[in-house]
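Asks: Right, I'll just put the structure down here and ask away after.
Each reported figure results from applying straightforward, stated rules to the coordinates on display, with no laboratory input. What you see is a predicted model, and the numbers here were worked out from it, not measured in a lab. Using ideal geometry, Cβ is built from the backbone for each residue, glycine included, and neighbour counts are taken over all protein chains shown.
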Amino acid sequence: MMSILENKNSAVATFGAGCFWCVEAVFQDLKGVISVVSGYTGGHVENPTYKQVCSGNTGHAEVAQITYDPTVISFEELLEVFWKTHDPTTLNRQGNDVGTQYRSAIFYHDEEQKKLAETYKQRLDASGAFDKPMVTEIVPLEKFYAAEDYHQNYYNQNEYQPYCAFVVRPKVEKFRKVFGDKLKDGVKS
């Protein structure tokens, strides 16, 4: 398992919350986020392609791997955004995106992330925040594969593509309203 710290000013979190275009678009606007890479993890095929992952046969989830500055934004704050920007109660589905590749998952990098994620999930379950049971997996990150180049920064480069206009944009707009105080300078809420 990889260590969470790349250096003393950065750490890494990996989340699956549906289509990685949506997840990337949300997290890249947060203060303290250095970079977001769309990719795949959790499966059994080495170096999977988008087409293979979309088949649902590789076991991979579409994920966003977030490098962040923990002196600006904490892992707990990233978890808050994660929980509030997707539906953690739908098994292998987010909206019209259906399949194991769209599952809700936290791929932890170390025991501290595991503990924080499990504690947060237990608190949400106990609070009754959701009408249905949460199905989010909390599993160790084993191997991360960056998605093909055309998937990186996808929403910002394809804002008017139909999926982005009708699926990603509303999610980003809602996120910006809810988390306006956590947005990078220059990002409109």
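Asks: Would you kindly derive the ³J(HN,Hα) couplings of segment 29-37 from the backbone phi angles with the Karplus curve 6.51 cos²θ - 1.76 cosθ + 1.60 (θ = phi - 60°), listing them in order in whole Hz, with x for Gly and Pro?
Replies: Coupling constants for segment 29-37: 8, 7, 4, x, 7, 8, 7, 9, 10 Hz.
Asks: Mind putting a number on the dipole of segment 5-182 about its Cα centre? Charges go on the C-beta only, +1 for Lys and Arg and -1 for Asp and Glu, and I need it in Debye to the nearest 20.
Replies: 420 debye
Asks: Consider a paramagnetic label point 7 Å from the Cα of Thr67 along Cα→Cβ; state which residues of segment 23-54 have an amide N under 13 Å from it.
Replies: Residues passing the 13 Å test: 33-38.
Asks: For the chain, what is the relative contact order in percent, using Cα pairs closer than 8 Å and at least 6 residues apart in sequence?
Replies: About 30 percent, as a whole number.
Asks: Something else now. Work out from phi, with θ = phi - 60° and the Karplus expression 6.51 cos²θ - 1.76 cosθ + 1.60, the ³J(HN,Hα) of each residue of segment 67-76, listed in order in whole Hz, and give x for Gly and Pro.
Replies: 9, 9, 9, x, 7, 10, 9, 8, 4, 4
Asks: Would you kindly state how much longer the chain becomes between Phe166 and Thr49 on full extension, computed as 0.36 nm times their sequence separation minus their alpha carbon distance, in nm to one decimal? List each step's numbers first, then the result.
Replies: Numbers: separation 117, 0.36 × 117 = 42.12 nm, distance 2.50 nm.
Length gained between Phe166 and Thr49: 39.6 nm.
Asks: Right, here's the next one. Can you pull out the chymotrypsin sites (Phe, Trp or Tyr not before Pro) in segment 151-189 that DSSP calls coil and that have at most 10 other Cβ atoms within 10 Å?
Replies: Tyr160
Asks: Taking amide H atoms as placed 1.01 Å from N in the peptide plane, list the residues 5 or more away in sequence, or in a different chain, whose amide H sits under 5 Å from that of Leu30.
Replies: Lys184
Asks: Just check the chain against the gyration tensor rule for me: Cα atoms, a ≥ b ≥ c as the square roots of the eigenvalues, rounded for a/c under 1.5, and otherwise prolate or oblate depending on whether a/b exceeds b/c.
Replies: Judged from the Cα gyration tensor, the chain comes out rounded (a/c under 1.5).
Asks: Based on Cβ point charges of +1 for Lys and Arg and -1 for Asp and Glu, what charge dipole magnitude is obtained for segment 48-148 about its Cα centre, in debye rounded to the nearest 20? Numbers along the way, then the final one.
Replies: Working: 10 positive and 16 negative charges, 72 e Å.
With Lys and Arg at +1 and Asp and Glu at -1, about 340 debye.
Asks: Working out 0.36 nm times the residue gap between Glu118 and Asn9, then minus their Cα-Cα distance, what length gain in nm do you get to one decimal? Walk me through the numbers on the way to the answer.
Replies: Details: separation 109, 0.36 × 109 = 39.24 nm, distance 2.45 nm.
Gain on stretching Glu118 to Asn9: 36.8 nm.
Asks: Could you tell me which of Val12, Val167, Asn92 has its Cα farthest along the dipole of the chain towards the positive end, charges placed at Cβ (Lys, Arg +1; Asp, Glu -1), taken about the Cα centre?
Replies: Checked the options; the winner is Val167.
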